[in-house]
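Trainee: One structure follows; several queries about it will come next.
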Amino acid sequence: MPGFEWFGSEERKEVQDVLDTGVLFRYGFDAARKGHWKAKTFETTLAARLGAGHCHLCSSGTAALNIALAACGVGAGDEVILPPFTFVATMEAVITAGAVPVFAEIDETLCLDPASVEAAITERTRAVIPVHMCGAMSRIDEIRAMCDRKGLVLIEDACQAVGGTFRGKALGTFGHMGCFSFDSVKTITCGEGGAVITDDPDLYRRADAYADHGHDHMGDDRGLEAHLFLGGNFRISELNAAVGLAQLRKLDDILVRQRTYKDAIKKAMADSLDVDFREVPDEAGDSATFLSFFLPDEARARQVARELADIGVDGCFYWYDNNWHYIRQWEHLKSLKGAARLPLQLLKDCPDYSRISLPRSDDIMGRTISMLIKLSWTEAELNRRIEKILSVLK
Ligand SMILES: *Cc1c(COP(=O)(O)O)cnc(C)c1O
């Protein structure tokens with residue numbers, strides 16, 4: 001997820017535009033900004049690139065999830081189904097909304113198993129948040145069909161998967177809203193930034209207002225704008241948006257490079273008796289930030305991860321031990337640390353997370369290794385890397 005690897009004069013030029021005007025705020029100052037609307041331009045460019053009706057650029061991917069939940073009216077007393085393999089932000093956003101995170105199993109796509117989602121639905125279920133992990137898609141068509149059938153809100157966490165598609169349609173456009181992150185290690189970066197997209201003009205209006213204290217953004221005088229409802233401040237600055245705009249123009253080249261390198265490594269590993277690859281429902285739509293694969297069992301996966309590190313194959317993730325991406329190590333959730341600030345109702349509604357059992361996800365994560373695909377490798381580096389990988393595998 002390496003937008004920062006391709007960073008230079010294009011980003012500098014966009015930021016310089018903003019510095020030259022001194023207008024760092026994304027709204028107003030029409031005369032002083034000399035035609036530079038970096039956040040707005042990013043929004044129209046991303047919406048067009050992804051084939052979405054509307055886009056709102058905000059301060060982070062976490063903010064995007066908060067905004068989407070608020071715009072969709074998900075809150076106190078609602079249950080939200082999500083996967084245990086994600087970044088903690090997905091779970092945090094549900095709790096911030098006052099809703100209850102309910103975890104369903106993942107399958108060999110490393111994303112939500114639709115059957116497990118269906119089994120987790122109760123009369124209080126309000127929304128499902130599939131996460132397109134490590135750049136590739138969940139079984140989004142099945143999950144969407146189920147949400148339609150059950151009348152559930154569908155919010156896609158596509159924070160790691162900008163540019164990914166399923167059967168030609170952009171990830172993030174299947175749900176009522178799609179969320180993206182442009183933090184400093186994502187496919188493209190604003191430094192800090194995020195976005196929500198939607199085809200629904202009402203959801204867009206609510207998202208756009210919620211992210212800026214409820215401002216309706218109608219008319220020329222901010223002080224005279226009406227407040228649509230209670231909101232907050234999830235705004236991005238023009239400086240961050242400017243960086244993102246330069247990065248966004250590189251997205252297609254980034255995807256080509258990632259896919260080329262991922263395909264080369266995958267092809268080389270295909271004969272290994274050790275390895276099964278992650279199931280990707282539409283391989284052509286993988287944004288290819290990672291190549292993920294399974295070893296026969298946990299012991300072998302741990303051994304391979306160790307040996308890869310020992311011979312200098314960097315960027316290999318054994319998520320099962322990772323503190324941030326898999327529920328197993330989320331002690332702060334299990335003990336509801338900081339619970340004093342949670343609404344009493346939420347505390348009452350939450351299951352005992354220390355007793356949650358997800359045997360299928362544990363089994364899969366225990367056998368999984370993901371390799372980061374880097375833009376900056378030369379062909380020679382890629383080939384040396386492949387040789388090293390093959391020396392470790394059977
Ligand atoms: C990065 C990430 C987020 C949060 O994005 P930030 O911009 O860092 O707040 C949310 N979900 C997933 C899956 C992510 O990878």
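Every number in this text was worked out from the coordinates using simple rules, so none of it is lab data. A quick note: this is a predicted structure, and the numbers were derived from the prediction, not measured. Methodologically, a virtual Cβ is constructed for each residue, glycine included, from the backbone with ideal geometry; neighbour enumeration extends over all protein chains shown.
Trainee: Just tell me which lysines come within less than 18 Å, Cα to Cα, of residue 34; anything on the same chain fewer than 8 places away is out.
Mentor: Partners found: 13.
Trainee: Before rounding to the nearest 500, sum -39500 (n - 2.57) across all DSSP H runs of length at least 4 in the chain and divide by the residue total; then give [θ] at 222 nm in deg cm²/dmol. Intermediate results must be reported in sequence, preceding the final value.
Mentor: Values: 14 runs with 149 residues, N = 394.
The helix-only estimate for the chain comes to -11500 deg cm²/dmol at 222 nm.
Trainee: Output wanted: per-residue J couplings in Hz (rounded whole) for the stretch 158-163, from phi through Karplus 6.51 cos²θ - 1.76 cosθ + 1.60, θ = phi - 60°, x for Gly and Pro.
Mentor: Calculated HN-Hα couplings, in order: 9, 4, 9, 10, 4, x Hz.
Trainee: While we're on this one: Per residue, how big is the convex hull around the C-alpha atoms of the stretch 199-341? Give it to me in cubic angstrom, could you?
Mentor: Working: hull volume 32.2 nm³, N = 143.
It comes to 225 Å³ per residue, whole-number rounded.
Trainee: List the residues whose amide H sits under 5 Å from the amide H of residue 234, counting only those 5 or more places along or on another chain, with H placed 1.01 Å from N in the peptide plane.
Mentor: HN-HN under 5 Å from residue 234: 212, 213.
Trainee: Please list, in order along the stretch 283-290, the HN-Hα scalar couplings obtained from phi with the Karplus expression 6.51 cos²θ - 1.76 cosθ + 1.60 (θ = phi - 60°), rounded to whole Hz, x for Gly and Pro.
Mentor: Residue by residue, the stretch 283-290 yields 4, 5, x, 5, 6, 6, 6, 9 Hz.
Trainee: Given charges of +1 on the Cβ of Lys and Arg and -1 on the Cβ of Asp and Glu, with all other atoms neutral, how large is the dipole of the stretch 3-250 about its Cα centre, in debye to the nearest 20? Each step should come with its number before you reach the end.
Mentor: Details: 23 positive and 34 negative charges, 97 e Å.
That gives a dipole near 460 debye.
Trainee: Convex hull over the Cα atoms of the stretch 22-148, averaged projected area in nm²?
Mentor: Average of the hull's projected areas for the stretch 22-148 equals 9.4 nm².
Trainee: While we're looking at this one, here's another question. Within 10 Å, count the other beta carbons around each residue, average over each peptide in 267-273, 252-258, and list them highest first.
Mentor: Working: 267-273: 12.1, 252-258: 17.3.
Packing proxy ranking, top to bottom: 252-258, 267-273.
Trainee: Can you tell me which lysines have their Cα less than 27 Å from the Cα of residue 334? Leave out same-chain residues fewer than eight positions away.
Mentor: 348
Trainee: Further question: Which whole-number percentage describes the relative contact order of the chain, with Cα contacts under 8 Å and a sequence gap of 6 or more? Could you put the intermediate results ahead of the total?
Mentor: Values: 822 pairs, mean separation 81.1, N = 394.
Averaging sequence separation for qualifying contacts and normalising by length gives 21 percent for the chain.
Trainee: Oh, and also: Using unit Cβ charges (K, R positive; D, E negative) and no other charged atoms, how large, in debye to the nearest 20, is the dipole of the stretch 217-341 about its Cα centre? Write out the running numbers ahead of the final one.
Mentor: Details: 17 positive and 21 negative charges, 81 e Å.
Its charge dipole is roughly 380 debye.
Trainee: Less than 19 Å apart at the alpha-carbon level, and either on another chain or at least 8 residues along: which lysines does that give for residue 374?
Mentor: 186, 250, 262, 266, 267, 388
Trainee: With viscosity set to 1.306 mPa s and temperature to 10 °C, compute the Stokes-Einstein D of the stretch 144-193, Rh being the Kirkwood radius across alpha carbon pairs; µm²/s, no decimals. Intermediate results must be reported in sequence, preceding the final value.
Mentor: Working: Rh = 11.7 Å.
Approximately 136 µm²/s, per Stokes-Einstein.
Trainee: For the stretch 91-139, divide the Cα radius of gyration by the Kirkwood radius and give the resulting Rg/Rh value with two decimals. Could the numbers behind the result be given before it?
Mentor: Working: Rg = 11.4 Å, Rh = 11.7 Å.
Using only Cα positions, Rg/Rh for the stretch 91-139 is 0.97.
Trainee: Turning to a different aspect of this structure: Collect residues whose amide H, placed 1.01 Å from N in the peptide plane, falls under 5 Å from the amide H of residue 153; neighbours closer than 5 in sequence don't count.
Mentor: The answer is 127, 128.
Trainee: Hey, another quick one. What are the semi-axes of the equivalent ellipsoid of the chain, taken as the square roots of 5 times the eigenvalues of the Cα gyration tensor, listed largest first and rounded to whole Å?
Mentor: Details: eigenvalues 235, 158, 59 Å².
Result for the chain: semi-axes of 34, 28, 17 Å.
Trainee: Taking the Cβ of residue 298 as the center, what net charge do the other residues with Cβ under 11 Å away carry, scoring Lys and Arg +1 and Asp and Glu -1?
Mentor: On the way: positive: 300, 302, 367; negative: 297, 321, 362, 363.
Local charge sum for residue 298: -1.
Trainee: Could you order peptides 334-341, 39-46, 146-153 by the average number of other Cβ atoms within 10 Å of their residues, highest first?
Mentor: Ranking, from highest mean packing down: 39-46, 146-153, 334-341.
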